[in-house]
Each structure stands twice: as C-alpha cells, then as structure tokens.
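Down below is the structure, laid out as structure tokens.
The values are calculated or read from the model by the stated rules, or taken from the named source; none is laboratory data. Small disclaimer: the values here were computed from a predicted structure and weren't measured. Cβ sites come from the backbone with ideal geometry, for glycine too, and all protein chains shown count toward neighbours. Side chains are part of the model used for accessible areas, which takes the heavy atoms of the whole protein and leaves out ligands, DNA and RNA. Shrake-Rupley method; radii C 1.70, N 1.55, O 1.52, S 1.80 Å.
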Amino acid sequence: QVQLVESGGGLVQPGGSLRLSCVASGISFSFYTMAWYRQAPGKQRELVAGITRDTSTNYADSVKGRFTISRDNAKNTVYLQMNSLKPDDTAVYYCNALKRSTGYWGQGIQVTVTS
C-alpha cells in the first residue's frame, strides 16, 4: 500500500518560515520524481516545486528564491523549505510521487500565512 504522509504545516506570520516533510512508503522512492503542489480556496491545484530522481529541481515563478525542495532517499522523504512566506502562500500543500504515468498523492496539509 502506497502512502505519502505530509507534516510540518501550520500557522505562520508573513515573513516567517516552515519546512514541510513528506514520508513515502510502499514505493521505490529513489526512482520517483517528487513534487509539492498547493491548492488555495477557489483556485486550481498548482505545482509549487519538483525534484527528479537525479535531483534536478524546478519551481513555480511565485516561489523562486523563497522555497527550496530537497530529498533524502535514505529516509524516503522529500522536503519543502519555505522562507519569506506571504499570505498568498496560504493553501493546502500536497506531496506527489510520479514515475512514468503512475502517480500518488498525499492527503494534504494546511499552511496558513497571516498576521
């Protein structure tokens, strides 16, 4: 059974930082491209950042320079370090694992940026 379990979300003030973690089980983690998506109320789910098996990364323009995605294959974990958070970053953040056409999602975790 495949599971992706996110943690590290919560409430933070503008300018603050959070680190999200996603622990995967039931997959050969190192062979998967991992990504973080987010969905704000009333908006479509969007890609925030991705990291391939060879650690190439890509980011949404809105988070470049503020967010960093990384992975630890020994721990089957992908991270999203989020700095300089803005109210517009408020959303449910989802972890995604993708290999060819097979993809899996986590249950999502809330991040709220507010003063």
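Among the candidates Leu85, Leu47, Leu98, the residue that is at pLDDT 95 or above and open to solvent by less than 40 Å² (accessible area, probe 1.4 Å) is uniquely Leu85. Please work out if Asp54 is touching a residue at least 24 places away in the same chain (Cβ under 8 Å), open to solvent by 40 Å² or more (accessible area, probe 1.4 Å) and not in a strand (DSSP E or B). Considered against the rule, which asks whether it is touching a residue at least 24 places away in the same chain (Cβ under 8 Å), open to solvent by 40 Å² or more (accessible area, probe 1.4 Å) and not in a strand (DSSP E or B), Asp54 comes out as no. Per the listing Tyr104, Tyr79, Tyr94, Tyr37, the residue uniquely in a strand (DSSP E or B) and over 10 Å from the mean Cα position of the chain (by Cα) is Tyr104. Taken together, Thr102, Thr68 contain a single residue that is among the β-branched types (Val, Ile, Thr) and without any contact (Cβ under 8 Å) to a residue 12 or more places away in the chain, which is Thr102. For first residues located in the range 87-99 and among the hydrophobic types (A, V, I, L, M, F, W, C), partners that are open to solvent by 40 Å² or more (accessible area, probe 1.4 Å) and assigned to a strand (DSSP E or B) and lie 6+ apart or on another chain with Cβ distances below 6 Å form the pairs Ala91/Gln39; Val92/Gln39; Val92/Gln110; Ala97/Tyr104; Leu98/Thr33. Candidates in the range 1-44 are the residues that are among the hydroxyl-bearing types (Ser, Thr, Tyr), open to solvent by 40 Å² or more (accessible area, probe 1.4 Å) and in contact with a Ser or Thr (Cβ under 8 Å, 6 or more places away or on another chain); of these, the one that is farthest from Trp105 (Cα to Cα) is Ser17.
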